[in-house]
Amino acid sequence: MDLAAERVSVRFGGLMANEDVSLAVAPGEVLGLIGPNGAGKTTLVNILSGFQRPHGGRVRLAGRDMTGLKPAAFAQAGIVRTFQAVRLFPRLTVAENVEVGLVARGMRRTAARREALAMLADLELQHCADLLASALSYGEERRVGLTRALALEPRFLLLDEPAAGLASAEAEKLKRSINAIRDRCGCGILVIEHNMALVMSLCDRVHVLDGGRTIAAGLPDEIRADPAVRTAYLGSTAA
């Protein structure tokens with residue numbers, strides 16, 4: 001039932017953005033994807049969500065070959081991704097922003113309202129339900145974006161730097177929200193993130209890219225202690 005990249009490679013001109021990278025996310029797992037800027041992380045997520053076709057290798061979902069399919073086919077199969085720009089509907093309330101996705105799934109408006117409020121409560125956002133999205137703090141906006149993604153019933157959720165720009169208290173709320181999403185729907189979650197405190201406390205496993213290649217993969221403690229990772233990314237003072 002995994003979402004897997006199998007020896008994928010992508011070349012942009014003379015630059016290898018990904019080279020022979022294999023990675024798999026299991027249902028109910030949070031996998032961290034880390035590496036320095038330009039390591040190929042977003043390209044790999046683009047491959048896993050259909051926005052980039054690999055020049056080599058395959059993408060599989062529960063054994064089904066998804067390679068070359070359009071992003072809409074990935075979304076229909078339950079692969080949902082977020083981007084760094086949240087783009088909520090500013091003139092709708094928070095609850096209405098979530099209801100849009102539920103109604104699009106075929107849910108009646110009254111049922112969608114109940115479900116949206118329950119989802120917001122799970123992610124500690126019930127106090128925002130009747131606020132306009134334009135009135136949210138930056139951290140709240142990012143967590144509402146996660147709630148809206150949850151409304152699409154993901155089998156796998158791919159998050160591109162969800163904690164970017166967040167203070168430590170907001171990042172902690174975000175971590176609780178991601179765990180709540182996993183508990184609520186049992187989906188696998190892949191997180192690109194530079195906040196190492198968040199990655200090491202949130203993720204079950206961590207995959208590390210550098211220069212488009214995998215340099216390490218394992219448990220957070222193994223990654224923290226890996227000399228190649230410390231040299232390439234974490235730095236000698238990493239806790």
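Where a number appears in this text, it was derived from the coordinates with a stated rule and is not lab data. Bear in mind the structure is a predicted one, so any value in this text is a computation, not a measurement. Using ideal geometry, Cβ is built from the backbone for each residue, glycine included, and neighbour counts are taken over all protein chains shown.
In sequence order, what are the phi-derived ³J(HN,Hα) couplings for region 47-54 according to the Karplus relation 6.51 cos²θ - 1.76 cosθ + 1.60 with θ = phi - 60°, rounded to whole Hz, with x for glycine and proline?
So the Karplus estimates, Gly and Pro as x, are 5, 6, 10, x, 7, 9, 8, x Hz.
Report the net charge of residues surrounding I215, where surrounding means a beta-carbon distance below 13 angstrom and charges are Lys +1, Arg +1, Asp -1, Glu -1. List each step's numbers first, then the result.
On the way: positive: K41, R213, R230; negative: E19, D20, D210, E222, D226.
Computed value for this residue: -2.
Give me the Kirkwood hydrodynamic radius of region 11-52, using the inverse of the mean 1/r over all pairs of distinct Cα atoms, in Å to one decimal.
11.6
Between T110 and A164, what is the spin-label point distance in nm, taking each point 7 Å from the Cα along the Cα→C-beta axis?
Computed distance between label sites T110 and A164 equals 4.2 nm.
Rounded to the nearest 0.05, what FRET efficiency do A118 and Q84 have when you use their Cβ-Cβ distance and R0 = 30 Å? Provide the component values of the computation, followed by the final result.
Numbers: r = 27 Å, r/R0 = 0.91.
Approximately 0.65, to the nearest 0.05.
What angle, in degrees between 0 and 90 and rounded to the nearest 10, separates the Cα long axis of helix 94-104 from the longest principal axis of the Cα atoms of the chain?
80
Order by neighbour count: S134, S49, fewest other Cβ atoms within 10 Å first, most last.
Going from least to most buried by this count: S134, S49.
Using 20 Å as the cut-off for backbone N distance, which residues of region 124-148 belong to the label zone defined by a point 7 Å from the Cα of R176 along Cα→Cβ?
Counting only backbone N, you get 124-131, 136-148.
With a cut-off of 8 Å between alpha carbons and a minimum separation of six or more residues, what is the relative contact order of the chain in percent?
Relative contact order, the chain: 27 percent.
Give a residue-ordered list of calculated ³J(HN,Hα) values for region 2-11 (Karplus: 6.51 cos²θ - 1.76 cosθ + 1.60, θ = phi - 60°; whole Hz; x for Gly, Pro).
Once rounded to whole Hz, the list reads 5, 9, 9, 9, 10, 6, 7, 9, 9, 10.
Debye calculation, C-alpha points only, no solvent: report log10 I(q)/I(0) for region 53-125 at q = 0.11, 0.24, 0.27 Å⁻¹, in the same order as the q values.
Those come out to -0.43, -1.11, -1.24, one per q.
Counting other beta carbons within 10 Å of each Cβ, put C128, C185 in order, fewest first.
Exposure proxy ranking, most exposed first: C185, C128.
Apply the Kirkwood formula to region 126-239: the hydrodynamic radius equals the inverse of the mean of 1/r over all pairs of different alpha-carbon atoms; give it in Å with one decimal. Provide the component values of the computation, followed by the final result.
On the way: mean 1/r = 0.0648 Å⁻¹.
Kirkwood hydrodynamic radius for region 126-239: 15.4 Å.
Can you compute the FRET efficiency between R230 and R11 using 1/(1 + (r/R0)^6), with r the Cβ-Cβ distance and R0 = 22 Å? Round to the nearest 0.05.
Calculated transfer efficiency: 0.15.
For region 21-28, what does the Karplus curve 6.51 cos²θ - 1.76 cosθ + 1.60, with θ = phi - 60°, yield as ³J(HN,Hα) per residue in whole Hz, taken in order and with x for Gly and Pro?
Ordered by residue, 3J(HN,Hα) equals 9, 10, 7, 9, 10, 9, x, x Hz.
At a Förster distance of 25 Å, what's the computed FRET efficiency of K70 paired with R213, Cβ-Cβ distance as r, to 0.05?
Computed FRET efficiency for K70 and R213 comes out at 0.35.
Report, to two decimal places, the Cα Rg of region 183-230 normalised by 2.2 N^0.38 Å (N = number of residues). Present the calculation step by step, with values, prior to reporting the outcome.
Values: Rg = 11.6 Å, N = 48, 2.2 N^0.38 = 9.6 Å.
It is 1.21.
In 5 Å bins starting at 0, how do the alpha-carbon pair distances of region 146-189 split up by percent?
5, 23, 33, 23, 12, 4
Positive end of the charge dipole of region 78-167 (Lys, Arg +1 and Asp, Glu -1 on Cβ, about the Cα centre): tell me which of A167, S134, A116 has its Cα farthest that way.
Value: A116.
Compute the semi-axes of the equivalent ellipsoid of region 43-199, taking the square root of 5 times each eigenvalue of the Cα gyration tensor, and list them largest first in whole Å. Don't skip to the end; give the middle numbers.
Numbers: eigenvalues 137, 75, 35 Å².
The three semi-axes for region 43-199 are 26, 19, 13 Å.
What is the order of V144, V80, fewest Cβ neighbours within 10 Å to most?
V80, V144
Taking amide H positions as placed 1.01 Å from N in the peptide plane, with prolines and chain starts having none, which residues 5 or more places from G56, or on another chain, fall under 5 Å of its amide H?
Amide H to amide H, under 5 Å and 5 or more residues apart or across chains, G56 pairs with S9.
From zero up to wherever the largest Cα-Cα distance of region 11-109 sits, split into 5 Å bins and tell me the percent of pairs in each.
The percentages, shortest bin first, are 2, 10, 17, 20, 18, 14, 9, 6, 3, 0, 0.
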